Amino acid sequence: MTQNSELKMHIPYGRQHINDADIQAVVETLQSDFLTQGPKVAQFEEAFASYVGAKYAVAVSNGTAALHLCTLALGVGQGSRVITTPITFVASANCVRYCGGEVEFADIDPETALLNVEKVRQLVESKPKGHYAGIIPVDFAGNPVNLEAFRNLADEHELWLIEDAAHSPGGYFTDSRGERQHCGNGRYADLAIFSFHPVKHIATGEGGMVTTNDEALYKKLLLYRTHGITRDTELLEENHGGWYMEMQELGYNYRIPDMLCALGLSQLQRADAGLARRRGIAKVYDEAFAAVQGIETLATAAEALQGGETGHAYHLYVIKVADRKGLYNFLREHGIYAQVHYIPAHTMPYYRGLGYSKGDFPEAESYYAACLSLPMYPTLTQQEQEFVIGKVKEFVGA
Ligand SMILES: *Cc1c(COP(=O)(O)O)cnc(C)c1O
């Protein structure tokens, strides 16, 4: 590689892929009668529900709104205590605060960086029944959490489960019966959420989805998505005529426009191809770093449990290195924009203000000290990936 072509490199850690079909789909919607709340919303919901294998899907304005609708539908309020992981995007925790609930973090499993179910069990079992309301596990990096283990714990203690599947559309884990359980299919979690932010698998700019198999929760999500207003004649307390509607709860405007659902529908058709490419990229990284001293990769949940099979969705490809800051800066000098996921949520000033401190979750903090997410997106070329691998190896002296 010449000095010149190296200088032109600009390789982010993630990026969207928009093709002509996507553009056409948006243009057609712009020329239709509906910019929002038209036919594309329901079509996107139906296609997405079938993609993940859930009964119901509710499309919303972003993944954070999706999380908020979940905590609202589950009745989180003042005094509700909800457990989640510190290694996640802060929205996974914030949705509890929006409803006035308390966030309780539990530490991660160092091999996978996923919320450690045994740590959650210790927390739950140290308190009387009813102390906690629910758990929000996150399929961090696209690595599916073993939701069956969380469900068993949740059932013993009457807790609900929200799966934050923002990183894992198309991912799956294998349950104890040997059945593949796709992320967001509603088999073990009460609700699951997805995000369509540009770095995620399916990009609509802003956008999100909630999936569930629970009809009662589904109806609540619909109500809270649109101001708490219903026109459903079966739900109305009165009926004054054709114009009549009722605001029955304090809801929000968390709707997503038709244009974006058209984009999402178009992107969804390439989701499997994108996922296959992500897995291919991960395999190349895995092989390149397997024998390199000084670089550690994360285990899949199945590897960590030494059983089953995991269909990792590879939103991120994370490595751990001792001199993370050095590597981050070195890669930037060469046009490679690696990123850190995540700064532990409990160390954010806001959560420290609620009583958390550095040192509270040692596994999460030592993970944070070493982690770096390398470029991972379907349009990353083989040549670009080789360049990234070469620079990483050069830095660690391999
Ligand atoms: C992206 C993301 C969200 C929030 O999604 P937005 O669409 O950006 O609001 C929630 N949880 C996780 C783990 C995420 O990565």
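The values are calculated or read from the model by the stated rules, or taken from the named source; none is laboratory data. Please read these numbers as outputs of a predicted model, since none were measured by experiment. All Cβ positions, glycine included, derive from the backbone under ideal geometry; neighbour counts span all protein chains shown. Accessible surface is based on the protein model in full, side chains and every heavy atom, while ligands, DNA and RNA are left aside. Shrake-Rupley method; radii C 1.70, N 1.55, O 1.52, S 1.80 Å.
Could you list, in sequence order, the residues of the stretch 190-204 that are over 21 Å from MET376 (Cα atoms) and open to solvent by 10 Å² or more (accessible area, probe 1.4 Å)? Residue satisfying the conditions is ASP190 alone. Among the residues of the stretch 156-167, those identified as out of contact with any Cys (no Cβ under 8 Å at 6 or more places or on another chain) and either within 16 Å of the ligand (Cβ to nearest atom) or at pLDDT below 95 (or both) are LEU161, ASP164, ALA166, HIS167. Does LEU221 satisfy being open to solvent by less than 30 Å² (accessible area, probe 1.4 Å), farther than 20 Å from ALA166 by Cβ and of a type in the set (A, V, I, L, M, F, W, C)? In short, no. Here GLU118 meets the list (1) in a helix (DSSP H, G or I); (2) open to solvent by 10 Å² or more (accessible area, probe 1.4 Å); (3) farther than 19 Å from GLY308 by Cα almost entirely, failing just condition (3).
Taking the numbered list (1) open to solvent by 10 Å² or more (accessible area, probe 1.4 Å); (2) within 29 Å of CYS183 (Cα to Cα); (3) not hydrophobic (A, V, I, L, M, F, W, C) in turn, ARG352 passes all entries but (2). In the stretch 64-100, how many residues are assigned to a loop (DSSP other than H, G, I, E, B), within 15 Å of the ligand (Cβ to nearest atom) and open to solvent by 10 Å² or more (accessible area, probe 1.4 Å)? Residues that pass the stated criteria total 2.
Against the conditions (1) within 12 Å of the ligand (Cβ to nearest atom); (2) in contact with a His (Cβ under 7 Å, 6 or more places away or on another chain); (3) among the hydroxyl-bearing types (Ser, Thr, Tyr), TYR172 satisfies every one except (1). Of the candidates LEU217, LEU153, the single residue that is under 16 Å from LEU67 (Cα atoms) and away from the ligand (no atom under 16 Å from the Cβ) is LEU217.
Of everything in the stretch 121-144 that's of a type in the set (Lys, Arg) and either surrounded by fewer than 17 Cβ atoms within 10 Å (Cβ to Cβ) or closer than 20 Å to GLN78 by Cα (or both), which residue is farthest from the ligand (Cβ to nearest atom)? Result: LYS129. For the stretch 331-349, name all the residues that are under 19 Å from LEU374 (Cα atoms), open to solvent by 50 Å² or more (accessible area, probe 1.4 Å) and in a loop (DSSP other than H, G, I, E, B). Once the filter is applied, which keeps residues that are under 19 Å from LEU374 (Cα atoms), open to solvent by 50 Å² or more (accessible area, probe 1.4 Å) and in a loop (DSSP other than H, G, I, E, B), the stretch 331-349 yields only ILE343. Selection of the stretch 38-63 for residues being within 25 Å of the chain's Cα centre (by Cα), away from the ligand (no atom under 16 Å from the Cβ) and in a loop (DSSP other than H, G, I, E, B) yields GLY53, ALA54, LYS55.
If you go through the stretch 357-398 and keep only what is part of a strand (DSSP E or B) and within 19 Å of HIS10 (Cβ to Cβ), you end up with LEU372, SER373, LEU374.
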